[in-house]
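The values are calculated or read from the model by the stated rules, or taken from the named source; none is laboratory data. Just so you know, these numbers come straight off a predicted model, no measurement behind them. Ideal geometry is used to build each Cβ from the backbone, glycine not excepted, and the neighbour counts take in all protein chains shown. Keep in mind that these areas ignore ligands, DNA and RNA; they rest on the heavy atoms of the full protein, side chains included. Shrake-Rupley method; radii C 1.70, N 1.55, O 1.52, S 1.80 Å.
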Amino acid sequence: MISSRQLMLIVALSRLSVIFVFMPVVTGADALQDAWLAVILATAAGALFGAAAAHLATRFPDDTFGTFAKDVLGTIPGVVVATALGLFFYSLAIMRTRQLAFLLIATQLQQAPSWVFATTMILGAIYGAYLGPDAFGRTAEILFTLIVASILVGVVLLPIAVPMDVRLLQPVLARGLEPVLEASINPAFWFASSAATVLFLAKYTVDVKQAVKSVVKGTLISGSTLLVMAMLATVSLGPQEARNQISPLVSMARIIYIRDAIERLDLLALNIWVLGLQFDAALFLLAATVILADAWAVKSNSMLLLLGAGGLVLASLKAIDLFLIRQALTPEITGLALILHVGMIGLTLVIAIVRGKGYQREDE
């Protein structure tokens, strides 16, 4: 079991560990100097969806989505919807391992084959999923401290090492609202994806009544941090240069140099963030395992073995490269996925309310 505080940290860390490395709100669209506005919109949307998902989960505190979807929607429709959600999480886990592999190759080990890193990350994700939610709760407390500390160090050192021009944040909305809305889609998608993990984590939360607050707080923490990082990337690199980077965060860490004190802050930051990326991949794999196992009424370990074996194959495919992943994460595709994601869970919540489905945990 995990506490409501650990649930909050898991949701926050899932985004802290990924969305800032690649920073799609800056690199995935053309918001440029208005990227910070897109962060605000994405965070608000993610928090709203997270509250809805958490409310649905608290109606069924002893079950995961893979179980109560069949009760709310009917057996066959419930299995179909739960399977779709489980496979969605599974695809995110595979995607994260490939992104992490490409990040390591691009920044540290250019000659290493990507499949070596990808399969290693999958094995790590399998082990993390095998340990279960309690291990994630304890790990989140440690990693959250490390990652927040690395962010604070960067925020303090960056203005010392690099000249900043706040005028680069202007003019506001010079090209209208459309680029901002487009840039907000991808981060909103990721905020919603992390928040949706409550649909299986709530079952393992001691004080499940606090799940809504925990998920919203976790989203606001990660959203606020992304807001700061997006603004720093804009005023230090410039909006266009930040837009052209694979990882603005790594680029900013690389240019921080203080003689006789700090020379390669980017390596330290990257190694800390690698742990966070691994955490994210393992979390999504655990979500897929639990939801699919409950939907199909099979043992979790058997489902994990099946998904892990498939993951080793998929993660090693050369066809899945960074360019393919970027094409899959365009605002058009992530926007459609977000609509389906929100619609699927939102429809389940509405039907549960209309049909009066849900119960309280017996020990409450």
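Structure values in brief
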item	result
Accessible carbon and sulfur surface of the chain relative to its total accessible area, %, 1.4 Å	67
Degrees between helix 178-195 axis and first principal axis of the chain (Cα, 0 to 90, nearest 10)	50
C-alpha long axis of helix 35-58 to longest principal axis of the chain, angle in °	20
Extension gain (nm, one decimal) between Val166 and Leu275, 0.36 nm per residue minus Cα-Cα	36.0 nm
Label-to-label distance, nm, for residues given as Arg5 and Ile255 (7 Å Cα→Cβ offset)	3.9
Förster radius 41 Å - calculated FRET efficiency between Leu336 and Glu141 (Cβ-Cβ, nearest 0.05)	0.70
C-alpha long axis of helix 75-107 to longest principal axis of the chain, angle in °	20
Simple spin-label estimate for Asp134 and Val153 in nanometres, 7 Å along Cα-Cβ	3.2
Helix-only [θ]222 nm of the chain, DSSP H runs n ≥ 4, -39500 (n - 2.57) each, per residue, nearest 500	-25000 deg cm²/dmol
For region 117-252, accessible area per residue (1.4 Å probe, heavy atoms of protein chains only), Å²	42
